[in-house]
1. Step by step: first the residues of region 248-260, then only those that are in contact (Cβ under 8 Å) with a residue 12 or more places away in the chain and more than 18 Å from the chain's Cα centre (by Cα), then the one that is farthest from ligand 1 (Cβ to nearest atom). Which residue is that?
2. Of all residues in region 54-64, how many are surrounded by 24 or more Cβ atoms within 10 Å (Cβ to Cβ) and either more than 11 Å from ligand 1 (Cβ to nearest atom) or outside any strand (DSSP E or B) (or both)?
3. Among the candidates 265, 233, 274, 243, which residue alone is within 16 Å of the chain's Cα centre (by Cα) and near ligand 1 (Cβ under 9 Å from one of its atoms)?
4. With the requirement that a residue be within 16 Å of ligand 1 (Cβ to nearest atom) and touching a residue at least 40 places away in the same chain (Cβ under 8 Å), what does region 65-96 give you?
5. Does region 162-173 contain any residue that is more than 16 Å from ligand 1 (Cβ to nearest atom) and loosely packed, with under 14 Cβ neighbours inside 10 Å?
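Nothing in this text is a laboratory measurement; each read-out follows from the coordinates by a stated rule. Worth saying up front: this structure is predicted, and the values here are computed from it rather than measured. So basically every Cβ, Gly included, is an ideal-geometry build from the backbone, and we count neighbours across all protein chains shown.
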Ligand SMILES: Nc1ncnc2c1ncn2[C@@H]1O[C@H](COP(=O)(O)OP(=O)(O)OP(=O)(O)O)[C@@H](O)[C@H]1O
Ligand SMILES: [Mg+2]
């Protein structure tokens, strides 16, 4: 068990870090809840860190944060303490197992589940301070189209939409993409099909969803949204077991099918969107 009640000596102090002017912000989001965003965020961060990237995961699920649970961290200082001026930003950034940094949020704080001018301003300030220090910042957002989620996604250069093959998840992914195109003029959304039934099924799902988007959703007159199939992650019993043990899958069972799939996605992201570290 990692008790990080007091910041460990290795906690990164942002002011001391070199600036990374090419820092990329990737929002890991979904239409439906419980499809695997937090699991993907944490393990993708570890896979990218393994490739040499300096990675930060920010728990942007402000009302119901649980990245700390997945990573078995017990932070005394969270994003909320930074928001309220009780703690300094650099004290809230913690090293996570897997070789990346995290900024965790507290859970059950209803005041942060709404996008007030304060939440908006603080969120922006924190992002502006942190992003230049990392190669990649992953935002583990909540599900759906609440104003907090949409604001978090608006801060990202890339959207990673996580969906399962279930019709309910795909319908919600479609609805969310429609809102992102309408509100944020997104022209590209990257789809990760989690808990895919068989290898390759995500490509067919992406094609079907693209056809619906082509018919009904346009980002600006004459311009559609491109859905990029970023990869599939199979249903794997090791995922649940790792979460139950509060271990990072990439560390506990790096050779299992789901961990391998995440490493593959890290590779496709390296190729498509993230400049080499
Ligand atoms: N590839 C997989 N194989 C097996 N089980 C999985 C897989 N991906 C996710 N799960 C299961 O789904 C659960 C929910 O995952 P997770 O908490 O990451 O979802 P989420 O999208 O972040 O949820 P929320 O919308 O509440 O934030 C996990 O605890 C795990 O049991
Ligand atoms: Mg989550």
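1. Kept after step one, since they are in contact (Cβ under 8 Å) with a residue 12 or more places away in the chain, are these residues of region 248-260: 248-253, 256-259.
After this cut, where a residue has to be more than 18 Å from the chain's Cα centre (by Cα) as well, the list is 251-253, 256-257.
Working: 251: 16, 252: 14, 253: 12, 256: 10, 257: 9 Å.
The selected residue is 251.
2. Quick first cut of region 54-64, residues surrounded by 24 or more Cβ atoms within 10 Å (Cβ to Cβ) only: 55-62.
With either more than 11 Å from ligand 1 (Cβ to nearest atom) or outside any strand (DSSP E or B) (or both) added as a condition, the list becomes 55-58, 61-62.
Residues in region 54-64 being surrounded by 24 or more Cβ atoms within 10 Å (Cβ to Cβ) and either more than 11 Å from ligand 1 (Cβ to nearest atom) or outside any strand (DSSP E or B) (or both): 6 in total.
3. On the way: 265 fails: near ligand 1 (Cβ under 9 Å from one of its atoms); 274 fails: near ligand 1 (Cβ under 9 Å from one of its atoms); 243 fails: within 16 Å of the chain's Cα centre (by Cα).
Of 265, 233, 274, 243, the one residue that is within 16 Å of the chain's Cα centre (by Cα) and near ligand 1 (Cβ under 9 Å from one of its atoms) is 233.
4. At the first step, the residues of region 65-96 found to be within 16 Å of ligand 1 (Cβ to nearest atom) are 65-73, 79, 96.
Within region 65-96, 65, 66, 67, 69, 70, 71, 72, 73, 79, 96 qualify.
5. From region 162-173, those more than 16 Å from ligand 1 (Cβ to nearest atom) are 167; that's our starting set.
When the remaining residues are screened for being loosely packed, with under 14 Cβ neighbours inside 10 Å, the result is 167.
Yes: one or more hits.
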